[in-house]
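Everything on this sheet refers to the single structure shown next.
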């Protein structure tokens, strides 16, 4: 429960929040320390007083808001998932660092899946293998393509970083 940290972040005393939530300071103190179970009515009143949703009030106080990189050494890829959507529905937003160098790409290296991808190059140069085409995408440029077209991403002469949106539900359209 995050009641105490949210209250302190606002600079409020126990008395301030208790008054706003319509409960006694002693009840609030016992709730914050875990010595009293709270009712849904009290939880709702505290959430409203703090200007938070019930989900925000009860979420874990761990570091779940910290985005940690996921490294795939085999593919020369580091990914930071920026969206918290679970499953294949809706877009996924991420930042990627690609170190796997451009070169000979075999048909086995090209992936296909339903949806549409969009990316912009933040730094470096990216090589987009899109079917039979090879497209260089420089810093500041962007590309969008149907992921039903066989594709692969590689860096060109050094690492490349991109911001990417993967839309798994999009209908295929024309490529780049």
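Residues being surrounded by 12 or more Cβ atoms within 10 Å (Cβ to Cβ) and touching a residue at least 40 places away in the same chain (Cβ under 8 Å) are represented in region 138-151 by at least one member.
Based on this model, can you work out whether residue 86 counts as at pLDDT below 75, part of a loop (DSSP other than H, G, I, E, B) and not assigned by TED's automatic domain parsing to the domain that holds residue 162?
Numbers: at pLDDT below 75: yes; part of a loop (DSSP other than H, G, I, E, B): yes; not assigned by TED's automatic domain parsing to the domain that holds residue 162: no.
No; evaluated as a whole, the condition is false for this residue.
The values are calculated or read from the model by the stated rules, or taken from the named source; none is laboratory data. Computed from a prediction, not measured in an experiment: that's the story for all the values here. Note: ideal-geometry Cβ built from the backbone for every residue, glycine included; neighbour counts use all protein chains shown.
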